[in-house]
Each structure stands twice: as structure tokens, then as C-alpha cells.
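*Asks:* Handing you this structure, nothing more for now.
No value in this document is a laboratory result; all are computed from the given coordinates. What you see is a predicted model; the values in this text were computed from it and never measured. Here the Cβ positions follow ideal geometry from the backbone for every residue, glycine too, while neighbour counts run over all protein chains shown.
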Amino acid sequence: MQNDIKLREGTLRHIQEYITHKIDQRGFADETVHERLLLLTEEVGELVNACRKVTGMNVDQNREINNKIGEEITDVINMVFAVGIKLGIDIEREFLAKEAIVDKRIYKRSENSMKSNERNKN
């Protein structure tokens, strides 16, 4: 692995505390997990639409898409944290534990993938 960088302990915990405070401050503490999941899905959809526009995918010419990708990514991150907060998850602990598992994996692009087949046609 190339020059590994470590996540500073407390970084994600601080973000989680900040978002918890903002949820309370803005009056959203009573949202259910299902409501937050619905909002997360909405935000992911807005991110997809923004990405479609900037990557040149086909979009409805009669529909104005004003979503800014950075703002939509931020909304998705906020909602992922909001779901974790509602479920009482220590996001930093879970993130680090999962990263330790993923770091042990070896990844290679599959030669049988549709993308690989498309590249070979050209």
C-alpha cells in the first residue's frame, strides 16, 4: 500500500457531534429512522441528477437542474450521519473497523465485466 494516511482520532466523532447539534438546533430531532432514510434517498437522487448534468448524460431539456454537486454531496453526508445518529451508531468506530477489513482485501477489475467488454469492442 502506498504512503498510508491515518484518520485523526476524533475527526468523524466531531462531525457526528456537530451534526447532532445541528439536528437539535434545527428542530429535526423527532424525525424517525424511516423519515431520515427517505430524505437520504431524496438527497442521493439530487446528487445523481447533478452528476448526470455535468457528465453529459441525457437529461430532460425541459427540466432545470440547479443542483450543485458539492452541496448535494454535503447533503448526502449529513443524511448518512443523521441515520447513524438516530440508530445510536458510533460512526467513527464503525468506519475504522470496516476500513481495517477493507484494507486487507485485494481488488482487481474483472475481465468479464460489461465495461471490459465495451472497451474491447473499441
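*Asks:* Set the Förster distance to 22 Å, then compute FRET efficiency between Tyr18 and Lys53 from the Cβ-Cβ distance, nearest 0.05. Don't skip to the end; give the middle numbers.
*Replies:* Working: r = 30 Å, r/R0 = 1.36.
Computed FRET efficiency for Tyr18 and Lys53 comes out at 0.15.
*Asks:* Let me ask another. With charges only on Cβ, +1 for K and R and -1 for D and E, what is the dipole size of region 1-117 about its Cα centre, in debye, rounded to 20? Please list the in-between numbers first.
*Replies:* Working: 18 positive and 21 negative charges, 119 e Å.
I would put it at about 580 debye.
*Asks:* Kindly put Asp103, Asp90 in sequence by how many other C-beta atoms sit within 10 Å of each C-beta, fewest to most. Working shown, then result.
*Replies:* Details: Asp103 9, Asp90 13.
Result, fewest neighbours first: Asp103, Asp90.
*Asks:* Could you point to the residue in His34, Asn3, Ser110 farthest towards the positive end of the chain's charge dipole, with +1 and -1 charges on the Cβ of Lys/Arg and Asp/Glu respectively?
*Replies:* Ser110
*Asks:* Tell me the label-point distance for the pair Ile69, Asp4, using the 7 Å Cα-to-Cβ offset, in nm and rounded to one decimal.
*Replies:* Inter-label distance under the simple model: 3.0 nm.
*Asks:* What number, in percent, do you get for the relative contact order of region 11-121 if the mean sequence gap of Cα pairs under 8 Å and at least 6 apart is divided by its residue count? Could you put the intermediate results ahead of the total?
*Replies:* Numbers: 60 pairs, mean separation 37.2, N = 111.
It comes to 34 percent, rounded to a whole number.
*Asks:* Taking the number of other C-beta atoms within 10 Å as the exposure measure, put Lys86, Lys104, Lys53 in order starting with the fewest.
*Replies:* On the way: Lys86 19, Lys104 7, Lys53 16.
Arranged by neighbour count, lowest to highest, Lys86, Lys104, Lys53 become Lys104, Lys53, Lys86.
*Asks:* Taking 30 Å as the cut-off for C-alpha to C-alpha distance, list the pairs among Lys6/Lys86; Lys6/Lys108; Lys22/Lys98 that go past it.
*Replies:* Table pairs above 30 Å Cα-Cα: there are none.
*Asks:* How much length, in nm to one decimal, is gained on full extension between Lys98 and Glu42, taken as 0.36 nm per residue of separation minus their Cα-Cα distance?
*Replies:* Values: separation 56, 0.36 × 56 = 20.16 nm, distance 2.58 nm.
That pair, Lys98 and Glu42, stretches by 17.6 nm at full extension.
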